[in-house]
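Structure record follows, encoded as structure tokens.
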Ligand code: OOG
Ligand code: NI
């Protein structure tokens, strides 16, 4: 029998092989990431594994897919449910992007510590918002909804196998093979001709809308390996002549602890696709939508930590807008961070800006004194050791940036119109499963470790 985590790991590996065949530059990205990771491991030793074992990091990927309707979203949730992945977090990219990105998103990922350690594969999954009048007028909305209702992304056989794997939490070997084949096939780039006029109609509104609603299938949009030194990776890719987007998104490179997520990507490549013209001829064209991304992960921030991070970003934006000429954005960010952000892990924990798990230090020389009853003192006095919790989620601003830097045109949006309201509850109802709150998940992990430590120290009333 093949367990869910094994299914997840096998699916991630096969998807990665498939994407490497379809987008060879992605294979270069994976190779360079591996080289950088080996070099960091070599130069930093055990410190390199502070945020995950080298085997986890080397195999680690996230993918991105885009679907059109709540029904398709529910089906995706069943396929990922089979792999032990649950929807976590709500991202409204319509608000995070300046140009037209008419989607709302969640990420499917494993949620408990052991499962994440075995294989943390996650998929950023976006759903089109045809009901948002800022992007789609009534006529286009109706045509789009009819088009989407008439396509089928997932075969009944795949969904049946997925449901079985989810309810039984495993699959026999033969069914596993079939399930993996069908699942990977679903995300291959289709060779069916694309209706040129329809695609272009949507493209005028948004390249993302065309990529999702202009074709009768879905595909993996990008895959993202994890790297331990993203600045070095960026340098080496550029050196090889691969065109990267302008920036590394997310927190700056600085001397303090790595937090949240830093990402960059190589530019979307023109891929040849068959197009059907209004006369019915099939011609060969090129569409530019798929790319490869890479990321470095840091420590998960608490709500307070995240609020501080967002606040610092706002300050930088304001300053850059006011004095566009005289600022080096990177310098400004680093100066601000040095002044306001936590400079060490200990500081992150003490200011309750970051999440940690706490573990009893077994070899502490006991002098017969009673341990203090609060986490900060226990840690300061060496009774407890704090281990950072890795950020397993995404950043809306970076996600919007990744979408935008790979769009061909700005698209169009009518900001005079009120946007259609979508939120986490709406998405939960649409998917038919609760969209989980990432902060709550990290907090539970932290609290559980504290409760266990209290038990081991014989502190029956728990810890503050
Ligand atoms: C998803 C973009 C978001 C990330 O890593 O932030 C994303 C997409 O392009 O479909 O993958
Ligand atoms: Ni991504």
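List of remarks:
- Within the range 250-277, tally of residues that are part of a loop (DSSP other than H, G, I, E, B), surrounded by fewer than 19 Cβ atoms within 10 Å (Cβ to Cβ) and touching a strand residue (DSSP E or B) at 6+ places or on another chain (Cβ under 9 Å): 2
- Restricting 386, 399, 430 to residues that are away from ligand 1 (no atom under 16 Å from the Cβ), closer than 27 Å to residue 128 by Cα, in contact with a helix residue (DSSP H, G or I) (Cβ under 9 Å, 6 or more places away or on another chain) and modelled with pLDDT of 90 or more narrows the list to 430.
- Within the range 211-229, tally of residues that are assigned to a helix (DSSP H, G or I) and either modelled with pLDDT under 95 or more than 19 Å from residue 403 (Cα to Cα) (or both): 1
- Residues located in the range 230-249, provided they are in a loop (DSSP other than H, G, I, E, B) and surrounded by fewer than 22 Cβ atoms within 10 Å (Cβ to Cβ): 240, 241, 242, 243, 245, 246, 247
- Taken over the range 34-74, the criterion of being buried (at least 19 other Cβ atoms within 10 Å of the Cβ) and closer than 17 Å to residue 183 by Cα is satisfied by 61, 62, 63, 64, 65, 66, 67, 72, 73.
- Enumeration of residues in the range 61-101 that are over 14 Å from the mean Cα position of the chain (by Cα), under 20 Å from residue 150 (Cβ atoms) and within 12 Å of ligand 1 (Cβ to nearest atom): 67
- Within the range 133-183, being in contact with a strand residue (DSSP E or B) (Cβ under 8 Å, 6 or more places away or on another chain), assigned to a loop (DSSP other than H, G, I, E, B) and surrounded by 16 or more Cβ atoms within 10 Å (Cβ to Cβ) holds for one residue alone: 153.
- Residues in the range 184-205 that are within 16 Å of ligand 1 (Cβ to nearest atom) and not in a helix (DSSP H, G or I): 187, 189.
- The set of residues in the range 273-312 that are over 18 Å from residue 249 (Cα atoms) and within 16 Å of ligand 2 (Cβ to nearest atom) comprises 289, 290.
- Residue 208 surrounded by 17 or more Cβ atoms within 10 Å (Cβ to Cβ), without any contact (Cβ under 8 Å) to a residue 60 or more places away in the chain and either within 16 Å of ligand 1 (Cβ to nearest atom) or outside any helix (DSSP H, G or I) (or both): no
- The range 380-434, subset under 19 Å from the mean Cα position of the chain (by Cα), within 30 Å of residue 358 (Cα to Cα) and part of a loop (DSSP other than H, G, I, E, B), residue farthest from ligand 2 (Cβ to nearest atom): 434
The values are calculated or read from the model by the stated rules, or taken from the named source; none is laboratory data. Note that this is a predicted model, so its numbers are computed, not measured. Quick reminder, even Gly has a Cβ in these numbers, built from the backbone with ideal geometry, and neighbours come from all protein chains shown.
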